[in-house]
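Structure record follows, encoded as structure tokens.
The values are calculated or read from the model by the stated rules, or taken from the named source; none is laboratory data. No experiment lies behind these values; they were computed from the predicted model shown. Here the Cβ is made from the backbone with ideal geometry for all residues, glycine too, and neighbour counts use every protein chain on show. Keep in mind that these areas ignore ligands, DNA and RNA; they rest on the heavy atoms of the full protein, side chains included. Shrake-Rupley method; radii C 1.70, N 1.55, O 1.52, S 1.80 Å.
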Amino acid sequence: MELRGAKIKQQRNKRAIETGHNRTMVAGAVFAVLFMVLAARVVDLSLFNGHQEPRLVKVETSTEIETTRANILDRNGTLIATSLPTDSLFVDSKAFMATGEDATMTARKLASILPELSLNKAAEKLTSGRRFEYLVRNLTPEQKYQVNLLGIPGLHFQREERRTYPHGPLVAHVLGYTDVDGRGISGVEKSFDQQLLGPDGNLQLSIDVRVQSVVRAALMETIEEFKAIGGAGLVMDIETGELLALVSLPDFDPNDTSTVKGDAGFNRATKGVYEMGSIFKLLNTAMALDAGVVTLRDKFDATKPLKIGRFRINDFHGKKRVLTVPEVLVFSSNIGSAQIALEAGTDLQREYLGRFGLLNTASIEIPEVGAPLLPGNWRKANTMTISYGHGIAVSPLQLTSAIGAVANGGILRQPTLLKTNEADRLPGHRVISEKTSEVMRKLMRLVVLQGSGKNADSKFYRVGGKTGTADKQEGGRYNRRARISSFAGVFPMDNPKYAILAMVDEPVGIKRTFGYATAGWVAAPIAKEIVDRIGPMLGLQPSSGDEQLYQPGDPLFIKVKG
């Protein structure tokens, strides 16, 4: 019995030893696996993700960025305004003060990372006792990372979004900008503020950023060369009213609202109103021909100045002879234009200017729009000076639309910054007959071929238009040293499609132009450069065939010399 009992005891001990051994093996295996996982995690953190902020690495698993404001696109779908997620820094001052940290030292630490932070205001907010105080809005990812590294208690981040304009100042005056809370302040951002609050419906504009870039560059180069204070440039589809370019210089960067100061924030293209000079002769001639007041064969004596009370109307480079109606326009005779206006009369002049949309504030999808300046009492003297663009001030936008109507068959189109289709396009209204428009196109072409618009002539596309140089009023008097130089035109004249206006504010004559700062030297070359560059972009075929000038006996014949 004793032997048997000893044997049983020995077997039990053996099983216990085996069980213990197995448990030890299992525990060892578990610890080995845990060690390997831990080691792998350490390697991952130290070699791959150690430079990134913990818990913020690849938080977003979706490629879609959710925002609360819709995108704005140009006519070709190019993104010109969007919203990106960002973080703003705020402080729970009670939590901060509970730690006993020094507010001034903390503010200095933060200011070394956030230069826009005011030391005094930051220290006040850190000790205000409020549970929520913004310190800085819209941090960059690097700024957020650096603030996190400071490890300051009571500081937190709030997820927000920031409006971003990928093209910077290129479309500034059209787009406008938003405030820090994403509310539209100017431009289409303001006009369509409510519509843009829904992220699902993008807003598509008529603007073509390629054309906009060309116009801005050409205008900027001229402003710099002639030391001007600013300018404006527009390109409009005269069949639809869509604006492909609307530029005002100087401009600003909507990504940095501190640049919206003074002149940079003023939209010369739509808000500014100016006496546009001799470009009005196109409207004066169209009015007189359309109303049957004159014919192309009628002649006007421009041998000497016209007297209006104690004032005189002179020609800048007068021919000092009798001029036909085409010659009055081509040679830009103030004397002849004033006589044509007198033939038409004040009432007819006012009627036609109203038809062309120049007596009322323009309608456009941005709030920055200027009202025209008109004579308080429209006398005979006003009728005469308005015929050549003095005594009435309109915006470049209004004038572009009016010139488009002169050339497109006589239909005034409402200018728009929205891309349109035939279904929602406004029909426009007739201001002159098709026959008058056809004659005016020929006259506009003659101005470029033989008149003051020669520097607007393109080798590739036939351009027609008119220059305008007007002294600016200062203190109730005209300043001969401060002028507006402009060119308004249409191309291609064999099948008119686009209207162009280039305006330069207060250019100064240079050696290359023999000291002149008139529109023929300043603004006309801008139009040529724009036409040459945007024609191929817009898919226009170069004008073909030889162009025949009119011969003696034809009513459109121009006697260039003498």
Practice problem: On the full set of protein chains, 1.4 Å probe, figure out the accessible area of Ser337 and give it in Å² to the nearest 10. | Solution: 0
Exercise. Would you mind checking the tilt of helix 334-344 against the longest principal axis of the Cα atoms of the chain, expressed as 0 to 90 degrees and rounded to 10?
Key: 80
Practice problem: Extending each Cα 7 Å along its Cβ direction at Ile185 and Asp471, get the distance between those two points in nm, one decimal. | Solution: 3.9
Practice problem: Only loop residues by DSSP count here, and only those with at most 16 other Cβ atoms within 10 Å; note down the trypsin sites (Lys or Arg not before Pro) in region 195-240 that meet that. | Solution: Lys227
Self-check item: Residues of region 236-254 with amide N under 12 Å of a point placed 7 Å along Cα→Cβ from Thr140
Solution: none
Quiz item: What is the pair-distance distribution P(r) of region 302-429, computed from all Cα-Cα distances in 10 Å bins starting at 0, with each bin given as a whole percent?
Solution: 11, 36, 32, 16, 5, 1
Exercise. For every other residue with a beta carbon closer than 12 angstrom to the beta carbon of Leu219, add +1 if it is Lys or Arg and -1 if Asp or Glu, then tell me the sum.
Key: -4
Quiz item: Relative to the longest principal axis of the chain, what angle (0 to 90°, nearest 10) does the C-alpha long axis of helix 2-43 take?
Solution: 20
Quiz item: In degrees from 0 to 90, rounded to the nearest 10, what is the angle of the helix 141-150 Cα long axis to the longest principal axis of the chain?
Solution: 40
Practice problem: Only helical DSSP H runs with n ≥ 4 go in: add -39500 (n - 2.57) per run for the chain, normalise by residue count and round the 222 nm mean residue ellipticity to 500 deg cm²/dmol. | Solution: -10500 deg cm²/dmol
Self-check item: q = 0.13, 0.17, 0.19, 0.20 Å⁻¹: log10 I(q)/I(0) that the Debye formula gives for region 423-510, counting C-alpha atoms only
Solution: -0.58, -0.83, -0.92, -0.96
Quiz item: Can you tell which of Ser118, Tyr388, Pro367 lies farthest toward the positive end of the dipole of the chain, using +1 and -1 charges on the Cβ of basic and acidic side chains (Lys, Arg; Asp, Glu)?
Solution: Ser118
Quiz item: What distance in nm separates the simple spin-label points at Arg533 and Gln551, each placed 7 Å from Cα in the Cβ direction?
Solution: 4.2
Quiz prompt | Label-zone membership for region 525-549, site Asp494, 7 angstrom Cα→C-beta point, backbone N under 14 Å | solution = 540-549
Quiz item: Taking 0.36 nm per intervening residue step and subtracting the Cα-Cα distance, what contour gain separates Val293 from Ala381 on full extension?
Solution: 29.8 nm
Exercise. Please state, to two decimals, what the Cα-based radius of gyration of region 124-253 comes to when divided by 2.2 N^0.38 Å (N = residues).
Key: 1.45
Practice problem: For the chain, give the magnitude of the charge dipole about the Cα centre (Cβ charges: +1 Lys/Arg, -1 Asp/Glu; no others), in debye to the nearest 20. | Solution: 620
Quiz item: Going highest first, how would you order 523-529, 471-477, 302-308, 409-415 by mean Cβ packing within 10 Å?
Solution: 523-529, 409-415, 302-308, 471-477
Exercise. Could you please state, rounded to a whole Å, how far the C-alpha centre of region 512-539 is from the C-alpha centre of region 210-274?
Key: 15
Practice problem: Express in nm, to one decimal, how much length is gained between Leu373 and Asn76 on full extension, taking 0.36 nm for each residue of separation and deducting their alpha carbon distance. | Solution: 103.3 nm
Quiz item: Which label marks the calculated value of Rg and Dmax of the Cα atoms in Å, given the options [x] 30.1, 107; [y] 35.9, 155; [z] 25.1, 86?
Solution: [y]
Quiz prompt | Fraction of accessible area attributable to carbon and sulfur, region 233-290 (%, probe 1.4 Å) | solution = 48
Quiz item: Within region 269-393, what is the number of lysine pairs with alpha carbons under 30 Å apart, leaving out pairs fewer than eight places apart on the same chain?
Solution: 20
Quiz item: What net charge do the residues around Ser395 carry, taking every other residue with its C-beta under 14 Å from that of Ser395, with Lys and Arg at +1 and Asp and Glu at -1?
Solution: -1
Quiz item: Under a straight-distance cross-link criterion of Cα-Cα below 19 Å, which lysines are reachable from Lys419, leaving out those fewer than 8 residues away in the same chain?
Solution: Lys190, Lys497
Quiz item: Given labels modelled 7 Å from the Cα in the Cβ direction, how far is it in nm from Lys442 to Glu225?
Solution: 3.4
Quiz item: How large, in percent, is the carbon and sulfur part of the accessible surface of region 336-460 at a probe radius of 1.4 Å?
Solution: 48
Quiz item: Tell me, what are the semi-axes, in whole angstrom and largest first, of the equivalent ellipsoid of region 174-317 as set by the roots of 5 times the Cα gyration tensor eigenvalues?
Solution: 41, 21, 14
Practice problem: Find the accessible area per residue for the chain; the probe is 1.4 Å, ligands and nucleic acids are left out, and the unit is Å². | Solution: 50
